[in-house]
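> One structure is given below, represented as structure tokens, and several questions about it will come after.
Where a number appears in this text, it was derived from the coordinates with a stated rule and is not lab data. Keep in mind it's a predicted model, so treat the numbers as computed, not measured. Heads up, the Cβs are rebuilt from the backbone with ideal geometry, glycines too, and the neighbour counts pull from every protein chain shown.
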Amino acid sequence: MIGLPFNDLRCLGSITEVVAELVSNRDEVIVELAEKHSTTKSLAEWIRSLPQRDDDGVAADGPKVEACKPPQRLRIPAADPNCVERGALYVAVAELIDPDPVRQLATLDTPIGLHTFPIENGAPVILDPRVPRNALATGVAACKAGPVTIEARDAVEWTAQLAEAGAVNLRNGPSRVRRRATR
């Protein structure tokens, strides 16, 4: 199921509408790609294998989604997609392969700059090999409202680090905190 965008509703909402229309009309190129890939994993691997060509904002460089600031290139499919085109293509074709998961588009600020990607049932789908999975998973978790799931050992470690930072000005403070946290 194609869901509402995770964030950036104006830009990604326009792109999601284009994707939903391609799926609804059973666009022949999208159908052909779905027939070539029996699983969404195969589809994601193929999209990851495509060369990346970033959108540098050149006005005449392909059709643009004007709702995005700055306007984003959107060619579906593209032989050398940017991250927006990769995400949109994945959502469209994956919907024909397996319509059960909820798929959304998201944009986050990553170590390599703003990055658009699909989310499937709440988990990011990595389509650009330059982007670490943890960067997207952490970004998605940080943007969600409510509690964040964390391993107990990581919670203890984080709490100990907070206590050490607060005990810096106490005599033997950090070492006392560390000894106490490991008992």
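> At a 4.7 angstrom Cβ threshold, list every cysteine in the chain that has nobody to pair with, or say none.
Within the chain, the cysteines lacking a partner Cβ under 4.7 Å are Cys83, Cys143.
> Here is a follow-up. Only sites in a loop by DSSP and with at most 12 other Cβ atoms within 10 Å count here; which GluC sites (Glu not before Pro) in the range 1-68 make the cut?
Loop-located and lightly packed - Glu66.
> Can you tell me the alpha carbon radius of gyration of the chain divided by the globular rule-of-thumb value 2.2 N^0.38 Å?
On the way: Rg = 20.9 Å, N = 183, 2.2 N^0.38 = 15.9 Å.
With N residues counted in the chain, Rg over 2.2 N^0.38 Å equals 1.31.
> Give me the distance in nm between label points sitting 7 Å out from Cα along the Cα-to-Cβ direction at Leu4 and Glu66, one decimal.
Label at Leu4, label at Glu66, 2.5 nm between them.
> Ok, one more. How much length, in nm to one decimal, is gained on full extension between Glu21 and Thr138, taken as 0.36 nm per residue of separation minus their Cα-Cα distance?
Details: separation 117, 0.36 × 117 = 42.12 nm, distance 3.09 nm.
In short, 39.0 nm is gained.
> In straight Cα distance, which aspartates and glutamates are under 19 Å from Lys144, not counting same-chain residues fewer than 8 positions off?
Asp8, Asp109, Glu120
> Extending each Cα 7 Å along its Cβ direction at Ala152 and Leu114, get the distance between those two points in nm, one decimal.
Those two pseudo-labels are separated by 4.3 nm.
> Next up: Round to a whole angstrom and tell me the spacing of the C-alpha centers of the range 83-147 and the range 43-76.
15 Å
> Moving on to the next point. DSSP loop trypsin sites (Lys or Arg not before Pro) in the range 77-158 with at most 16 other Cβ atoms within 10 Å of their Cβ, which ones?
Arg130, Lys144
> Looking at Ala106, Leu74, Ala60, which one has the Cα that reaches farthest to the positive end of the dipole of the chain (charges on Cβ: Lys, Arg +1; Asp, Glu -1)?
The one lying farthest along the dipole's positive direction is Ala106.
> Something else now. Among Ala152, Ala123, Gly3, whose Cα projects farthest towards the positive end of the dipole of the chain, with charges put on the beta-carbon of Lys, Arg (+1) and Asp, Glu (-1)?
Value: Ala152.
> Let me ask another. Checking the cross-link filter: which aspartates and glutamates have an alpha carbon closer than 15 Å to that of Lys36, excluding same-chain neighbours under 8 positions apart?
Cross-link targets: Asp27, Glu28, Glu45, Glu95, Asp98.
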